[in-house]
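Structure first, then comments.
The values are calculated or read from the model by the stated rules, or taken from the named source; none is laboratory data. Model, not experiment: these values are computed from the prediction. Cβ: placed from backbone, ideal geometry, glycine included. Neighbour counts: every protein chain shown.
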Amino acid sequence: MKPLTSATHDVNDALDAIEYCFEQGWTDGLPVVPPTERRVREFLDHVGLEPGAVVGTIPERDREVTAEKLAINAVMAGCRKEYMPVVVAACEALCDPAFKFNHLASLGSPWPMMIVSGPIVQRLGMNHGIWVLGPGNRANATIGRTLSLLVANCAEGYVGGLQRGTYGHPGRTSGMCIAENPDDFGWEPHHVEMGFARDVSTVTLLSTYPWIETPHCLLMEPEAILGMISLHIAEAGFYRGVYPILMGRPWAEVFVKAGWTKARMNAWMAEHTRQSVADLKRRGRWGLFVTEYEGYGALPKHVEPGDADRFVHLWKDGDDDKYVFDTGSRERKRGTYFVVAGGDAGQRTCFLCPYMFSTNPVTRPIRDPGPAA
């Protein structure tokens with residue numbers, strides 16, 4: 001393997017190394033694992049990458065992410081070398097032009113959510129059950145943290161750099177990396193839905209706002225569950241994009257036993273997720289993206305007779321879309337990703353609102369070399 005090219009720093013011991021990283025601004029506010037040359041090489045060897053291999057480019061920042069820099073941040077995040085294939089795939093998704101990296105600087109504080117699906121979930125022991133969105137699992141937390149450190153250390157994604165979020169995203173600290181339940185109980189797993197074979201593992205990156213909705217439903221029937229989710233999505237944001245919807249296995253089994261496929265669920269959601277013009281006006285969403293040159297000044301802002309019976313659909317095109325959605329929404333993916341994740345108790349499902357501008361979800365296959373020697 002070719003030599004590493006990153007600068008080296010001499011310190012007395014591991015604690016001094018941790019403090020040195022704090023002083024240099026290389027952390028996310030928590031201690032990092034000192035990235036020694038031996039550890040970085042082990043990570044690169046596991047995925048068979050040379051230090052200078054370019055994993056992805058970020059044209060908006062005029063940056064290249066090399067395997068060496070990615071491995072350094074993975075070590076610092078606390079990863080094991082077995083996690084590197086997931087980290088590489090996640091970095092590829094982050095750098096995909098469809099993801100549009102610069103949206104991470106938005107005042108709305110978006111941050112990528114990572115969904116890992118396929119056989120690697122079980123092999124790495126990733127959490128797909130209770131507390132799936134929280135900390136506590138090493139693989140979930142450190143894989144997600146790697147992207148956080150990478151964005152900060154290699155693309156100026158920190159406060160004082162390009163980070164401009166008004167309130168920030170708490171998920172950035174916990175990693176925002178979840179795994180899908182790998183059990184085969186008759187429902188199409190996420191990676192297969194994305195077009196990959198069952199024996200392939202994938203990472204999907206999609207940008208979300210920092211709030212999470214957990215709708216509550218007592219009726220374990222397909223249309224009741226979807227109706228509850230649809231209602232909450234319409235009321236929560238009404239932003240065009242792809243909404244990740246998490247549900248524990250008992251909820252997913254309701255649909256499997258009733259013969260509902262994900263395609264049928266998506267079609268139902270598209271047909272029923274809507275808002276009346278009256279409600280959109282009350283929320284200040286009516287005419288938001290229309291300029292004075294396009295008749296904004298003449299556009300009625302107050303509720304008028306008939307507005308309560310006139311609807312705009314979140315995922316279906318309509319004549320009134322221009323008064324509610326930005327023009328770029330026509331080019332973005334839209335719909336739902338139903339993912340089996342979370343605990344098996346309670347009556348709640350969960351969804352996250354997607355960032356409302358410019359970005360698309362990206363899925364990348366994980367090139368998994370298998371267990372480390």
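Per the listing Gly29, Gly52, the residue uniquely on the phi > 0 side of the Ramachandran plot and touching a helix residue (DSSP H, G or I) at 6+ places or on another chain (Cβ under 9 Å) is Gly29. Only one of the numbered conditions (1) in the same structural domain as Met126 (by TED's automatic domain parsing); (2) touching a Ser or Thr at 6+ places or on another chain (Cβ under 8 Å); (3) farther than 30 Å from Asp184 by Cβ; (4) in a helix (DSSP H, G or I) is not met by Leu231, and that is (2).
Is there a residue in the stretch 76-84 that is hydrophobic (A, V, I, L, M, F, W, C) and out of contact with any helix residue (DSSP H, G or I) (no Cβ under 7 Å at 6 or more places or on another chain)? Step through it out loud before you land on a result.
Within the stretch 76-84, the subset hydrophobic (A, V, I, L, M, F, W, C) is 76-77, 79, 84.
Among the residues that remain, those that are also out of contact with any helix residue (DSSP H, G or I) (no Cβ under 7 Å at 6 or more places or on another chain) are: none.
Within the stretch 76-84, not a single residue is hydrophobic (A, V, I, L, M, F, W, C) and out of contact with any helix residue (DSSP H, G or I) (no Cβ under 7 Å at 6 or more places or on another chain).
Could you check, for the stretch 159-175, whether at least one of its residues is over 13 Å from the mean Cα position of the chain (by Cα), of a type outside the set (S, T, N, Q) and surrounded by 19 or more Cβ atoms within 10 Å (Cβ to Cβ)? Within the stretch 159-175, none of the residues are over 13 Å from the mean Cα position of the chain (by Cα), of a type outside the set (S, T, N, Q) and surrounded by 19 or more Cβ atoms within 10 Å (Cβ to Cβ).
State yes or no: is Arg249 surrounded by 14 or more Cβ atoms within 10 Å (Cβ to Cβ), among the charged types (D, E, K, R) and farther than 25 Å from Trp286 by Cβ? Lay out the reasoning, then the answer.
Working: surrounded by 14 or more Cβ atoms within 10 Å (Cβ to Cβ): yes; among the charged types (D, E, K, R): yes; farther than 25 Å from Trp286 by Cβ: yes.
Yes.
Screening the stretch 1-112 for helices (runs of 4 or more DSSP H) wholly inside it with 2 or more residues that are without any contact (Cβ under 8 Å) to a residue 40 or more places away in the chain, assigned by TED's automatic domain parsing to the domain that holds Glu156 and surrounded by 20 or more Cβ atoms within 10 Å (Cβ to Cβ) returns the ranges 67-77.
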